[in-house]
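S.K.: I have a structure here, written as structure tokens, and I will follow up with some questions on it.
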Amino acid sequence: MNILLTSAGRRSYLVEYFKEALSGSGRVYAANAVWSPALLAADEGILTPLIYSEEYIPFLKKVCEEKEIGLLVPLFDIDLPVLARHQAQFEAMSVKMAVSSAETLLFCNDKYHMSLKLWKLGIRCPETCISVDDALLKIDALAMSYPVIVKPRLGMGSLSVCEAYNKAELRALYGLCERQISQSYLKYEAAACPKECVVIQEKLSGNEYGLDVINDLSGNYVTTIVRRKLAMRAGETDEALTLGKDDAEYKVLSELGEKISVGFSHVGNMDVDVIMDPGNMRPYVIDMNARFGGGYPFSHLAGADLPRAYVAWAKGDTPDPEWFRVRPHVHGYKDMVLRAFPERRADGTEK
């Protein structure tokens, strides 16, 4: 089986994990719109059109046909809904896709719809508003208080996230966020809600946790892996500690993971960010990504092997239960690795 990882970016570690999962029985291709480290780590790197280009899907279909791809795994939030809309075309080519339904992706990518869905499921999340006036009404009613978080409704990677400490700052930062969205790649996502592309949320305090909520490729619940976050960088987990059954938070958070699985029926991994005050053990979901997240390497370091499970599911095999288990209290941190790009001509080809 050959695997295609799209929008691979800097996720060289995932390329290596999937190469190890294949154990020489196939090739791992990494695709991206610009040259990136993951392409160098793959058996072959592929430059694609931009995700929103009309050429993107036809290009990927051609790659899948020529490279005999059996499993396609997208690694970027913006890529997911585009591929979900064309999933039937890839399945007709016998390409398995680790992509959730368009409805599930809407709930995950759109922070306002996410909050409505979570409250409907009885899962706590921050108070979320899509206008300054709505936020001010909630602040006056003491349903929210300063500081509040101002951020893109369909954002990622902590891009354009700010804190407002009073009414003047709230109005100014809301406008700034709108402008920054219009000047970044988030403008494509915001096209679905151009006049309500910013959300205002209450700021929560407590310890932050990361969950890998794992479903199979049919959306059936498998397990939840729990980590306590110790350090963050640019919106991604930089240092973390895996938790186990002896930890007080584990039961509450693993039960939360199962509830999310049943409520969203996502495919594969769901990366979930949670804040919880250890004094009251009430978790609040602050973000969800229906893909491998930046916290997964800590699960892998502690013994999980989700890429191997993906390969088994794509082949119609049953994964080894050990691939979903982690050793508790494994303390990991991310390091920096430098890679030299090959020299290239002006047209992008190697010299």
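The values are calculated or read from the model by the stated rules, or taken from the named source; none is laboratory data. What you see is a predicted model; the values in this text were computed from it and never measured. We place every Cβ from the backbone using ideal geometry, glycine too, and count neighbours over all the protein chains shown. Accessible surface areas use protein heavy atoms only, side chains included; no ligands, DNA or RNA. Shrake-Rupley method; radii C 1.70, N 1.55, O 1.52, S 1.80 Å.
S.K.: Using the structure shown, decide if Ala143 is at pLDDT below 95, farther than 22 Å from Asn289 by Cβ and surrounded by fewer than 15 Cβ atoms within 10 Å (Cβ to Cβ).
M.R.: It is true that Ala143 is at pLDDT below 95, farther than 22 Å from Asn289 by Cβ and surrounded by fewer than 15 Cβ atoms within 10 Å (Cβ to Cβ).
S.K.: Does segment 249-263 hold any residues that are under 19 Å from Pro328 (Cα atoms) and of a type in the set (A, V, I, L, M, F, W, C), and which are they?
M.R.: Passing the criteria: Val252, Leu253, Leu256.
S.K.: For Thr242, state whether it is hydroxyl-bearing (Ser, Thr, Tyr) and without any contact (Cβ under 8 Å) to a residue 12 or more places away in the chain. Walk me through it before giving the result.
M.R.: Details: hydroxyl-bearing (Ser, Thr, Tyr): yes; without any contact (Cβ under 8 Å) to a residue 12 or more places away in the chain: no.
Criteria not met by Thr242.
S.K.: Check off (1) charged (D, E, K, R); (2) under 18 Å from the mean Cα position of the chain (by Cα); (3) farther than 19 Å from Glu322 by Cα; (4) modelled with pLDDT of 95 or more for Glu255 and give me the number that stays unchecked.
M.R.: Unmet for Glu255, out of (1) charged (D, E, K, R); (2) under 18 Å from the mean Cα position of the chain (by Cα); (3) farther than 19 Å from Glu322 by Cα; (4) modelled with pLDDT of 95 or more: (2).
S.K.: Residue by residue through segment 209-223, note down the ones that are outside any loop (DSSP other than H, G, I, E, B) and either open to solvent by 50 Å² or more (accessible area, probe 1.4 Å) or over 13 Å from Val274 (Cα atoms) (or both).
M.R.: Ile214, Asn215, Tyr221, Val222, Thr223
S.K.: In this structure, does Asp271 turn out to be of a type outside the set (Gly, Ala, Ser), at pLDDT below 95 and not in a helix (DSSP H, G or I)? Walk me through it before giving the result.
M.R.: Details: of a type outside the set (Gly, Ala, Ser): yes; at pLDDT below 95: no; not in a helix (DSSP H, G or I): yes.
In short, no.
S.K.: Sticking with this one: Among the candidates Ser254, Ser265, Ser261, which residue alone is in contact (Cβ under 8 Å) with a residue 24 or more places away in the chain, open to solvent by less than 10 Å² (accessible area, probe 1.4 Å) and not hydrophobic (A, V, I, L, M, F, W, C)?
M.R.: After applying the criteria, what remains is Ser261.
S.K.: Another question, if that's okay. Go through Phe59, Phe76 for me and flag whichever is aromatic (Phe, Trp, Tyr) and under 19 Å from Glu236 (Cα atoms).
M.R.: Going through Phe59, Phe76 in turn, just one is aromatic (Phe, Trp, Tyr) and under 19 Å from Glu236 (Cα atoms): Phe76.
S.K.: Being open to solvent by less than 20 Å² (accessible area, probe 1.4 Å), at pLDDT 95 or above, part of a loop (DSSP other than H, G, I, E, B) and under 30 Å from Ile275 (Cα atoms) is true for just one of Val73, Val99. Which residue is that?
M.R.: Val99
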